[in-house]
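So the structure is just underneath, and the comments pick up after that.
The values are calculated or read from the model by the stated rules, or taken from the named source; none is laboratory data. Since this is a predicted model, take the numbers as computed values, not measurements. Methodologically, a virtual Cβ is constructed for each residue, glycine included, from the backbone with ideal geometry; neighbour enumeration extends over all protein chains shown. The protein model used for the area step is the full one, side chains on, heavy atoms only, and it has no ligands, DNA or RNA in it. Shrake-Rupley method; radii C 1.70, N 1.55, O 1.52, S 1.80 Å.
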Amino acid sequence: MVVLVAGANGQLGQSLQFIEKNYPELNFIFCSSSDLDITNLESCQAVFFKIKPNYCINAAAYTAVDKAESEAEKAHLINVIGAKNLASVCKEFSSVLLHISTDFVFDGDFSKLSPRAQSRGYSENDIPNPTGVYGQTKLDGENAIQAVFENYYIIRTSWVYSQFGNNFMKTMLRLASERDSISVVNDQIGTPTNAVDLAECLVKIIYHTELIEAQQPTTDIFGIYNFSNEGQCSWYDFAIQIFEVYNIHVDLKPITTSSFPTPAQRPKYSVLDKSKIKKTTGIDIKMWQESIIKIDF
């Protein structure tokens, strides 16, 4: 089983490489942007012709949320055109696409949510309403994929961190080594996602797809799914847990979003309901606190 991974050098791409050894029956082919330019259809076709993957994981994305406000064209090229190109070549070569999306497709207005969503989080059926360029391009990428073919999984996730790349956890650890006091926003509520757990989830989806297709080929299993770790917290709560795990003592101060203005507006609430993916695949999802383990960087 050949699994092509676009975006090999990102957090998720490196997390997939981290777990690769646990799945010797899967032949992972990792491609960086220099190996596979998803914004170029001919580049995608050439790589797919050579590799002929059964599955393609699109871990490549423009994720600089604030910078996207001034680089809308670049964000669109990667998050929309890139997604569409991969969907097109997946259809051409009969591959299944696993595409990573985001909680930023929602506006995070808790008051507008149904009672069910307020208690369990956004479901896959809730209507997106992004408030910034990044979220809009990720939603447009989702729509571009769906317009091309049916054999896709769109996985919406949130607050991704790991021992790889740049992320909130590594930023907190760096700041704690440089400062005596750190201020962190406490009025944005969501769920941290360990990128290694997300990588394991993608592998689980591949195995589940193979099982279902072997029994009775169907397109009913494809579609949009949510995945994050379980539970919810603020960024301030997340920081507290990080410092507890690492036994770091620092003066941590809670602040409001208005006290820390950014070019892009963040969702105030972006908890995701994982009922669908748990029911469909049987995956066991860890609590967010359980997934924060001490890692030597």
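What number goes with the only condition from (1) farther than 24 Å from Thr102 by Cα; (2) assigned to a loop (DSSP other than H, G, I, E, B) that Ile293 does not pass? All conditions pass for Ile293, except number (1). Screening the stretch 245-279 for residues that are of a type outside the set (D, E, K, R) and assigned to a helix (DSSP H, G or I) and picking the one that is nearest to Pro115 (Cα to Cα) gives Ser275.
Just one of the numbered conditions (1) in contact with a Pro (Cβ under 7 Å, 6 or more places away or on another chain); (2) closer than 20 Å to Ala59 by Cα; (3) open to solvent by 20 Å² or more (accessible area, probe 1.4 Å) is not true of Tyr161: (3). Checking every residue in the stretch 133-148 against the condition of being crowded, with 18+ Cβ neighbours inside 10 Å and outside any helix (DSSP H, G or I) gives zero matches. So Asp126 fits all but one of (1) in contact with a Phe, Trp or Tyr (Cβ under 8 Å, 6 or more places away or on another chain); (2) closer than 21 Å to Lys278 by Cβ; (3) modelled with pLDDT of 95 or more; what number is the exception? In the conditions (1) in contact with a Phe, Trp or Tyr (Cβ under 8 Å, 6 or more places away or on another chain); (2) closer than 21 Å to Lys278 by Cβ; (3) modelled with pLDDT of 95 or more, Asp126 misses (3) alone. A single entry from Val47, Val89, Val80 fulfils the requirement of being within 17 Å of the chain's Cα centre (by Cα) and outside any loop (DSSP other than H, G, I, E, B): Val80. Checking the stretch 95-108 against the condition returns a match, with at least one residue being over 16 Å from the mean Cα position of the chain (by Cα) and over 26 Å from Asn125 (Cβ atoms). Out of all the residues in the stretch 50-63, is one or more touching a His at 6+ places or on another chain (Cβ under 6 Å), under 16 Å from Ala83 (Cβ atoms) and of a type outside the set (Asp, Glu)? Yes, the stretch 50-63 contains a residue that is touching a His at 6+ places or on another chain (Cβ under 6 Å), under 16 Å from Ala83 (Cβ atoms) and of a type outside the set (Asp, Glu). For the stretch 45-96, taking the residues that are open to solvent by less than 70 Å² (accessible area, probe 1.4 Å) and among the charged types (D, E, K, R), the one that is farthest from Thr137 (Cα to Cα) is identified as Asp66.
Of all residues in the stretch 56-82, those satisfying the criterion of being under 23 Å from Tyr161 (Cβ atoms) and among the aliphatic types (A, V, I, L, M) are Ile57, Ala59, Ala60, Ala61, Ala64, Val65, Ala68, Ala75, Ile78.
Only one entry of Glu25, Glu42 meets the criterion of being more than 22 Å from the chain's Cα centre (by Cα), surrounded by fewer than 16 Cβ atoms within 10 Å (Cβ to Cβ) and part of a loop (DSSP other than H, G, I, E, B), and that entry is Glu25.
Of all the residues in the stretch 213-244, those that are open to solvent by 60 Å² or more (accessible area, probe 1.4 Å), in a loop (DSSP other than H, G, I, E, B) and modelled with pLDDT of 95 or more number 1. Restricted to the stretch 165-200, and to residues there that are at pLDDT 95 or above, within 15 Å of the chain's Cα centre (by Cα) and part of a loop (DSSP other than H, G, I, E, B), the residue that is surrounded by the most Cβ atoms within 10 Å (Cβ to Cβ) is Pro192.
Residues that are under 29 Å from Ile212 (Cα atoms) and open to solvent by less than 20 Å² (accessible area, probe 1.4 Å) within the stretch 97-121 comprise Leu97, Leu98, His99, Ser101, Thr102, Asp103, Gly121, listed in sequence order. Of the listed requirements (1) more than 29 Å from Ile155 (Cβ to Cβ); (2) of a type in the set (A, V, I, L, M); (3) exposed (fewer than 12 other Cβ atoms within 10 Å of the Cβ), Ile293 misses just one: (1). Of the residues screened, Arg156 is one that is basic (Lys, Arg) and crowded, with 18+ Cβ neighbours inside 10 Å.
A search for C-beta distances below 7 Å between a residue of the stretch 245-272 that is farther than 23 Å from Thr191 by Cβ and open to solvent by 50 Å² or more (accessible area, probe 1.4 Å) and any residue that is at pLDDT 95 or above and acidic (Asp, Glu), counting only pairs 6+ apart in sequence or on different chains, returns Pro263/Asp66; Pro263/Glu69.
Whenever a residue of the stretch 106-125 is over 16 Å from Gly231 (Cα atoms), its partners that are open to solvent by 20 Å² or more (accessible area, probe 1.4 Å) and aliphatic (A, V, I, L, M), lying with C-beta atoms within less than 7 angstrom and at least six residues away or across chains, give the pairs Glu124/Ile224.
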